[in-house]
Amino acid sequence: MSYIDVTGKTEDEALRKGLEQLGMDRDDVSVSILERAKSGFLGIGASPARIRITYGPEEAEVAAPAEVKIIPEEKPAAPVQPAPAKAEEPAAARSDKYRTDMPRTDKPRPQRRPEQSDRPRPERRERPTPAAPAIDLPECDDDNARRIIAFVSGLLEHMDSAAEVKVYEQEKGRYKVLLVGERLGQLIGHRGETLDAIQQLTNYAVNTGTDKRIRIQMDAENYRARREQSLESLARKVAAKVQKYRRSVTLEPMNAYERHVIHAALQDVKGVTTYSVGAEPNRRVVVAFDRGEAR
């Protein structure tokens, strides 16, 4: 297998650069974090991250037994007669061969062919982009929405972000907050860590001192839907490997919501079972082979 090392402000940005450079999807490669980005407080003062993207055909984990072939006995080949030694040229002939006073014919050297810049390049596979979440509801303007907008706007101002805050009430006591703008990667962070932190702080600030608790979900650039789609694709790919090699696979650390997506995606897959191990924030999902269901 081959690999490349890529750097970026965040691990996600480095991953996007590497995938664009290779023209591959996330499911076609394996990613190893060499140096994590230092996000500081809520993404402020981030330092570059360095990752290694491995790609190419995978080696089989279990080697198949080699076939035994019967090769017919071949007759020994006739011995090769050594070639006659070349007679050594006389010293006078050798000296005439390399004389420098012989007349030279100056021939123009063949010019080097310029590199062709119009060579067809291999087509890059376009990755499907999930559609933006459909928000058919009008923007909310009740007391809770105004408190959400006031807190998040002040927080974004301290983070030097010009993102716009829009609030929708999906159902009673449940609010959807969208951060709208350009280059919101700093607000999303590595695997959505900064976005989760903003969401947790907003829930805490808005619910403090109130009798009725509300639930707030924060999103930016449709990250939640894109992340969920990526996790479901990863789950199916890992499940196929578990079924093929009958070995358990432990995934990278995930938060509770992402672990729930993996469990839900594989709950009806035969021959595979999932469970979580470890403690937060390093709790991981294990995709294991279920011998009972595989029969």
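The values are calculated or read from the model by the stated rules, or taken from the named source; none is laboratory data. Being a predicted model, the structure only gives us computed values, none of them experimental. Please note: Cβ atoms are built from the backbone with ideal geometry, for glycine as well, and neighbour counts cover all protein chains shown.
With respect to the conditions (1) part of a loop (DSSP other than H, G, I, E, B); (2) surrounded by 13 or more Cβ atoms within 10 Å (Cβ to Cβ); (3) free of Cβ contacts under 8 Å to residues at least 12 places away in the same chain, ALA150 falls short on a single one, namely (1).
Does GLN243 satisfy the criteria of being crowded, with 16+ Cβ neighbours inside 10 Å, under 25 Å from GLY278 (Cα atoms) and more than 24 Å from the chain's Cα centre (by Cα)? No, not satisfied.
Tell me the residue from ARG215, ARG224, ARG191 that is exposed (fewer than 15 other Cβ atoms within 10 Å of the Cβ) and among the basic types (Lys, Arg), please. The match here is ARG215.
Evaluation of THR54 against the conditions (1) at pLDDT below 80; (2) loosely packed, with under 15 Cβ neighbours inside 10 Å shows that the sole unmet condition is (1). Of the residues making up the range 5-32, those that are of a type in the set (Ser, Thr, Tyr) and in contact with a helix residue (DSSP H, G or I) (Cβ under 9 Å, 6 or more places away or on another chain) are THR7, THR10. When the range 243-272 is examined, which residues are found to be among the aromatic types (Phe, Trp, Tyr) and touching a residue at least 40 places away in the same chain (Cβ under 8 Å)? If the condition is that a residue be among the aromatic types (Phe, Trp, Tyr) and touching a residue at least 40 places away in the same chain (Cβ under 8 Å), then TYR245 is the only one that fits. Of all residues in the range 166-180, exactly one satisfies the criterion of being surrounded by fewer than 20 Cβ atoms within 10 Å (Cβ to Cβ) and of a type in the set (Val, Ile, Thr), namely VAL180.
Tallying residues that are closer than 15 Å to GLU258 by Cα and over 28 Å from the mean Cα position of the chain (by Cα) within the range 169-226 yields 0.
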